[in-house]
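What follows is a short report on a single structure.
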Amino acid sequence: MPQEAVFSSGVDGMVDSKDLSRAGIGWVGRHLLDLEEKPPEAIQAILRTASCFKEDRDLEWSQILRGKVVCNLFFEDSTRTRTSFSLAARKLGANVVEFTSRGSSMSKGESFVDTARNLEALGADAVVVRHHTPGTPHLLTKHLRASVINAGDGAHEHPTQGLLDILTILEVKKRVDGLKVCLVGDISHSRVARSNIWGLKKLGAQVVVCGPKTLIPPQISHLGVQISHDLDEVIPECDVINILRIQFERQRTGLFPSIREYRHLFCVDARRMALAKPDVLILAPGPINRGVEISPEVADGPNSRILDQVTNGLVVRMAGLYLTMGQPRPTEGSP
């Protein structure tokens, strides 16, 4: 469905910010686990809802989740995601519990699921979980009645990052349908890449993944993406370039000869920007390694919207909390 039909009113193609209730039409479910299983209508609903929160900053949102408790259950380091989920919950009036495994009963042998169930027993209405094991958020939904939001599970998905990237594209390009988006870098280990691919494809974009052969799994072509190992060749065709970080912490062996070689072949710098369309949009989910995946002049240049992505992360997470927690609590035995 063309984006013009989806975002048919309001500023920058988004719905009118005063109609929050209408923005969420199409959302289903009380969890946000991935974009693979979400229909296009649900993805559109969360983007519209996020735009409402962003466009009408003067409205008082602090009563929406008043009395609710959101628990941040993070087992990997995080700055932007954890902070923005905390701020998002507080802006909506919820109480926030910040859990860390260090010093908890998990150090005494308590299981991950039992820890989550105890937090729910203490009043958690939603659990925002980041874990190094793929599928962990899905596991929690089998044991909790609370809403579960995936803040990144291994190399599987990071749905709110994919959504905030798409929201940034919509704000700048006014559409997603028909755009060509290039994801550059460590595709194999990137949960961000997978969420972007699912979300972008469902909204009508063409997606190309580009990087060393050792960092692109051949089976990813089954998701309907183009594969390239030559950035200079594909960059002139692209409307958006999303630059992914080399995830050294997830790699077990050296997958390319050197940082110097990677920078020579895949760093988005001034020379490569000269090959691109003048209005190409540059995105980069943080943290960025300046001088490795992206040069400083590009990261801070006029085509970059890296800080806008951070801003949009807050409203996307507000939308995720609102849509998942705003529905009636299910009874025992309900799906």
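Values in this text are rule-based calculations from the coordinates and carry no lab data. Predicted model, so just to flag it, every value in this text is computed and none were measured. Counting neighbours? That spans all protein chains shown, and the Cβs are built from the backbone with ideal geometry, glycine included.
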- [ ] Provide the net charge surrounding residue 164, with neighbours chosen by a C-beta distance below 13 Å and charges set as Lys +1, Arg +1, Asp -1, Glu -1.
- [x] +1
Task: Partners for residue 174 among aspartates and glutamates (Cα-Cα distance below 14 Å; same-chain residues under 8 apart left out) - done: 4, 12, 165, 239, 279
Task: lysines whose Cα lies under 23 Å from that of residue 91, excluding same-chain neighbours fewer than 8 positions away - done: 18, 54, 68
Open item on the list: Under 8 Å for C-alpha pairs, at least 6 residues apart: give me the relative contact order for the stretch 159-304, rounded to a whole percent.
Closed with: 24
TODO: Output the direction-averaged projected area (hull surface divided by four) of the convex hull of the alpha-carbon atoms of the stretch 159-304, in nm².
DONE: 7.8
Open item on the list: Under 5 Å between amide hydrogens, which residues at least 5 positions from residue 208 or on another chain qualify, with H placed 1.01 Å from N in the peptide plane?
Closed with: 181, 182, 183, 226
